[in-house]
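Here's the structure, in structure tokens; my notes come after.
The values are calculated or read from the model by the stated rules, or taken from the named source; none is laboratory data. Please read all numbers here as calculations on a predicted model, not as lab measurements. Ideal geometry is used to build each Cβ from the backbone, glycine not excepted, and the neighbour counts take in all protein chains shown.
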Amino acid sequence: MEKRFKLFWLRETGCDTGVPVDPTELESSIRTKVMDLAKDDSGPITIRLPFMDRREWARRSETMRGVHLARGGDIIFAADPTVMTQVKNRAAELTALHPAWTGAPGDGDARHFAVWRAVSVALQEALRVWLPEMYLRDASRFEDRDSAYAFLVYAASRPFPGRSKTEFTYDVADSGTLPEALRMTKQALREVLAQTEKRLHECHRPELARRYAPVWQEDIAREVLRHPRRLFEILGSEGTLVNAVVQLGSAHSMTAVKPFAKAACSALRSVCRQDFRSLVMRALNTATETLEGATASRADDYLELTGR
């Protein structure tokens, strides 16, 4: 007789990926909740539980009592709204199941630098769009010219191309970082400023728009170089996130999931006093797309494995 549920539960100590189970085989702390949600359906119903590290698994009965379960269609899932939990679950799925990640080169592989360099550049290019877009979504943010200038110059800056087989991001402690990041970016900054000026005019802020006209490109770049703290903060957060992604993908271990989530969320928790942690999920998606292109991995295999 077919068992009623299929259990997906990823963790450091082992992974259930669609294991058939009956109600009696479920953890006692969630059995009643699951049965209430399943009602009279005969199944199969998929149960998706949150990632747990070794410590959480040792206390799983206590931990699971506080988990809110919900149902959507034929899936019962842990409805935890916290960004950290979402990031851990996504990182665990990719690390354990996605062929682009399981087949990605680890440390010592001859392909390591080339593949992860491509991921790094793709993430840097994406962040140069996402961070300024989110920070400057409210036009009133342009009144703080120090921060606005930093984000606009960042948007025009050059992604770090990779170096020495082990360096994937800018080193904010290196005095040569800003000159390298801003080399040959005059045209890019003029284009960014032209878009900004147009947007501010459309927002009926003509006086503010004039401050961001392309004619001031050299003055704005010079001002950011004179007071680089905010730009260094942005580049530092970018570097922490990118390196965390590279380390997660290179490790091929579920023990890397929690450190990745902590580093990535910490990097974007407060950039110029703005919370960008929602971008971590987008960063993982961009990394996955880049890895798929580099390794020719099949997304349909992943969908089958995850029961989606």
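So that you can scan it fast, the table gives a plain yes or no per residue for (1) modelled with pLDDT of 95 or more; (2) within 17 Å of ASN243 (Cα to Cα); (3) polar (S, T, N, Q):
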residue: GLN124; (1), (2), (3): yes, yes, yes
residue: LEU127; (1), (2), (3): yes, yes, no
residue: SER147; (1), (2), (3): yes, no, yes
residue: SER175; (1), (2), (3): no, no, yes
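Of all the numbered requirements in (1) over 30 Å from ARG111 (Cβ atoms); (2) surrounded by 14 or more Cβ atoms within 10 Å (Cβ to Cβ); (3) among the aliphatic types (A, V, I, L, M), VAL172 misses one, and that requirement is (1).
Counting only residues that are more than 15 Å from ALA122 (Cβ to Cβ), of a type outside the set (D, E, K, R) and over 12 Å from the mean Cα position of the chain (by Cα), region 240-285 holds 14 of them.
The set of residues in region 19-51 being in a loop (DSSP other than H, G, I, E, B) and closer than 30 Å to PHE260 by Cβ consists of LEU26, GLU27. For region 52-77, filtered to residues that are in a strand (DSSP E or B) and touching a Ser or Thr at 6+ places or on another chain (Cβ under 8 Å), the residue that is nearest to GLU12 (Cα to Cα) is MET52. For region 140-158, a residue qualifies if it is of a type outside the set (Gly, Ala, Ser), in contact (Cβ under 8 Å) with a residue 24 or more places away in the chain and in a helix (DSSP H, G or I), and the qualifying residues are PHE142, GLU143, ARG145, ASP146, TYR149, PHE151, LEU152, VAL153, TYR154.
Here ALA92 does not fit the description of being in the same structural domain as GLY249 (by TED's automatic domain parsing) and crowded, with 16+ Cβ neighbours inside 10 Å. As for region 96-108, it holds no residue that is without any contact (Cβ under 8 Å) to a residue 40 or more places away in the chain and acidic (Asp, Glu).
Where helices (runs of 4 or more DSSP H) fall wholly inside region 241-306, the ranges with 2 or more residues that are modelled with pLDDT of 95 or more are 257-269, 279-295.
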